[in-house]
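The values are calculated or read from the model by the stated rules, or taken from the named source; none is laboratory data. Computed from a predicted structure; not experimentally measured. Backbone-built Cβ (ideal geometry, glycine too); neighbour counts: all protein chains shown.
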Amino acid sequence: MKKLSLLFFLICNFCFFSFQSQAIAAEIVIPEKVSQGRGFIIAIKAQAPFTGYIEWRNKKIKFSSTNLNSQHETQVLLGMPTDEVKTQNIRISITENNQNNIIKQTIKPLKVNWVTHNLNVAPKYVEPPKEVLNQIAKDQKTNKATLARMSDTHTWELPFVRPVNGTISGSFAARRVFNGQPRTPHFGTDMRGAIGTRILAMADGVVVCAEPQYFSGNAVWIDHGQGVISMYGHMSKISVKKGDIIKKGQKIGEVGATGRVTGPHLHLSLYIQGVAVDAVPFFSQMPLEIIGGPTKEQPRPPMPKKQK
Ligand SMILES: [Zn+2]
């Protein structure tokens, strides 16, 4: 009979699972609570190579270990939706030395009070004219296919590179009212930058879309693997094309004011298996912050005084 002992530790906000048996020795770190709109890491370490998959919110994310400093390990990124209120089940299947283990756990979403923004844009971006409806439908179809991408390995590495240095002018998941009419929340972060400012890729990946889109303007979408996708919008110039392999920190375009904007800025979105999460916590050094409200917006810096 297989001897399996499960050691269960509860430290801070994380559950540490440690398996010990003749065939399996693995450590798995799973958070207990995650704020709405945050991405989080499932970290797995073992003495021998392993493979497996995570079941999370009706998605199956496969993984396999890499050998680092004679330790076998991997990390998988998952996301908590901005409007999730129910405790979610997570199920992890891990196979090591032909032995399989299943870990089940729950993760509780912590409620966030999102801010509301009233914005004024050109009327065509609130009530799009008939002639652009085909373009909007095409963009939606393309973006849906992009967000459904799911590979078995990833190319991202934490922390991510901040794409532009500019401060935050529009925070993640703000409820938005355009010209007095409510629209979908802001599933991204707006960062200040003058037209022409270099935009850098947050992580290694492959360009899966690089084209003008109606609302996002000139947009670049990069697949970082295992359903992790970054998107950069409103560019004045796109410097890459579909299919390009991108390195972390590589220039992919320049800040602009194309699409539905009130002025030049970078719109940055981060999706994890189709779930939009706040990208800003990913720019800081580890550990990744998984609890907290929306990233604060900084007021516009004062304009330099005109010289007489
Ligand atoms: Zn935006």
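Any residue in the range 133-151 that is in the same structural domain as VAL206 (by TED's automatic domain parsing) sitting within a Cβ distance under 6 Å of a residue that is of a type in the set (Phe, Trp, Tyr)? List the pairs, counting only those 6 or more apart or interchain.
Once the first residue is in the same structural domain as VAL206 (by TED's automatic domain parsing) and sits in the range 133-151, its partners that are of a type in the set (Phe, Trp, Tyr) give GLN135/TYR214; ILE136/TYR214; ASP139/TYR214; THR146/TRP221; LEU147/TYR271.
Being touching an Asp or Glu at 6+ places or on another chain (Cβ under 6 Å), surrounded by fewer than 17 Cβ atoms within 10 Å (Cβ to Cβ) and touching a residue at least 40 places away in the same chain (Cβ under 8 Å) is the requirement here; does LYS62 meet it?
Yes; evaluated as a whole, the condition is true for this residue.
Looking at this structure, is PRO304 away from the ligand (no atom under 16 Å from the Cβ), part of a loop (DSSP other than H, G, I, E, B), modelled with pLDDT under 95 and more than 30 Å from LEU110 (Cβ to Cβ)?
Taking the combined requirement at face value, the residue satisfies it.
Let's see how each residue does on (1) within 17 Å of HIS267 (Cβ to Cβ); (2) more than 12 Å from the ligand (Cβ to nearest atom); (3) assigned to a strand (DSSP E or B):
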site	(1), (2), (3)
PHE172	yes, no, no
ILE195	yes, yes, no
VAL206	no, yes, yes
PRO212	yes, yes, yes
ILE222	yes, yes, yes
HIS234	yes, no, yes
LYS242	no, yes, no
GLY249	no, yes, no
GLY253	yes, yes, yes
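Counting just the residues of the range 267-287 that are among the aromatic types (Phe, Trp, Tyr) and within 9 Å of the chain's Cα centre (by Cα), which one comes out farthest from the ligand (Cβ to nearest atom)?
PHE282
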